[in-house]
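Notes follow the structure.
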Amino acid sequence: MLPARLPLAALLCLFITHIQADTPLFSADGYRISLYRSPTPEHLPGAIIVDTPALQTLLTQTPAPVLIDVYRRPWLQGRFIEDQPHANLPGSHWLANTGDGDLTPEWQGYFVRHLYKYTGGNLARPLVFYCRADCWLSWNAVKRAANLGYTTVYWYRDGLDAWEAANLPVMAATPEPFE
């Protein structure tokens, strides 16, 4: 039983703790399936974590890595819904929703087909996945790409937020077609 007069912040904290305790965070396969916007780990097996200066260096290499933005976009009746503008790093491919923890076979196919297209089937081609800071979507996408056999996988952990904080250019983004 709760005391009659708890401060609002304390009640909110108790509520969130209760919700989190009842919400599974990871699938049986180890993908994050809820509370995507929360602090992320500082390591990820199968990936090299890069910060903004390291990513800038990577982008000067040949071949340049393929940039993959996995930020979410509402999907309704077979199409993406433009609910708000989104920007990404110049040259990026936006594979919206492919960072979700549970992907249907159709969304998994979307992810696989586009990665194959961008890499020409070369599993060693460098890939950089990102989203926003404190976002598990890119963590899931990195794990998924590594499980598909991609061997040079980078995680730009702080993503678009860090890029913008460094006053680097962004471009208006549109999700890649769902083919």
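The values are calculated or read from the model by the stated rules, or taken from the named source; none is laboratory data. On a predicted model such as this, the values are computed, not experimentally measured, just so you know. Reconstructed Cβ throughout: ideal geometry from the backbone, glycine too, with neighbour counts over all protein chains shown. Accessible surface is based on the protein model in full, side chains and every heavy atom, while ligands, DNA and RNA are left aside. Shrake-Rupley method; radii C 1.70, N 1.55, O 1.52, S 1.80 Å.
For segment 38-112, the alpha-carbon coordinates run over 41, 27, 25 Å along the three principal axes, in decreasing order.
Heavy-atom surface analysis with a 1.4 Å probe gives the chain a carbon and sulfur content of 59 percent of its accessible area. On a 0 to 90° scale, report how tilted helix 105-119 is relative to the longest principal axis of the chain, with both axes built from alpha carbons and the result rounded to the nearest 10. That works out to roughly 40 degrees. The alpha carbons of the chain give a radius of gyration and a Dmax of 17.9, 65 Å, in that order. Once you treat every alpha carbon in segment 106-155 as an equal point and sum by Debye, what is log10 I(q)/I(0) at q = 0.24, 0.29, 0.30, 0.32 Å⁻¹? Debye output, listed in q order: -0.90, -1.20, -1.24, -1.32. Please label the shape of segment 38-79 as rounded, prolate or oblate, based on the square roots a ≥ b ≥ c of the eigenvalues of the alpha-carbon gyration tensor (a/c under 1.5 means rounded; beyond that, a/b larger than b/c means prolate, else oblate). Oblate is the answer for segment 38-79, as a/c is 1.5 or above yet b/c matches or exceeds a/b. Hey, what angle do you get for helix 136-147 against the long axis of the chain, alpha-carbon based, 0 to 90 degrees rounded to 10? Long axis of 136-147 versus the principal axis of the chain: about 50 degrees.
Summing charges over neighbours of residue 37, with a neighbour being any other residue whose Cβ is under 12 Å away from its Cβ, gives +1 when K and R count +1 and D and E count -1. A probe of 1.4 angstrom, applied to the heavy atoms of all protein chains, finds residue 26 with accessible area near 90 square angstrom. Potential lengthening of the chain between residue 102 and residue 76 amounts to 7.6 nm, from the contour at 0.36 nm per residue minus the alpha-carbon distance.
The long axis of helix 8-22 is offset from the longest Cα principal axis of the chain by roughly 60 degrees. Note on segment 94-179: Cα Rg divided by 2.2 N^0.38 Å, N the number of residues, gives 1.08.
Subtracting the Cα-Cα distance of residue 48 and residue 171 from their residue separation scaled by 0.36 nm leaves 41.8 nm.
Could you state the accessible area per residue of the chain in Å², with a 1.4 Å probe and every protein chain left in place? It would help to have the intermediate numbers written out before the result.
Details: 9800 Å² over 179 residues.
Roughly 55 Å² per residue, with all protein chains present.
For the chain, the share of DSSP beta bridges that are antiparallel, to the nearest 5, is 35%.
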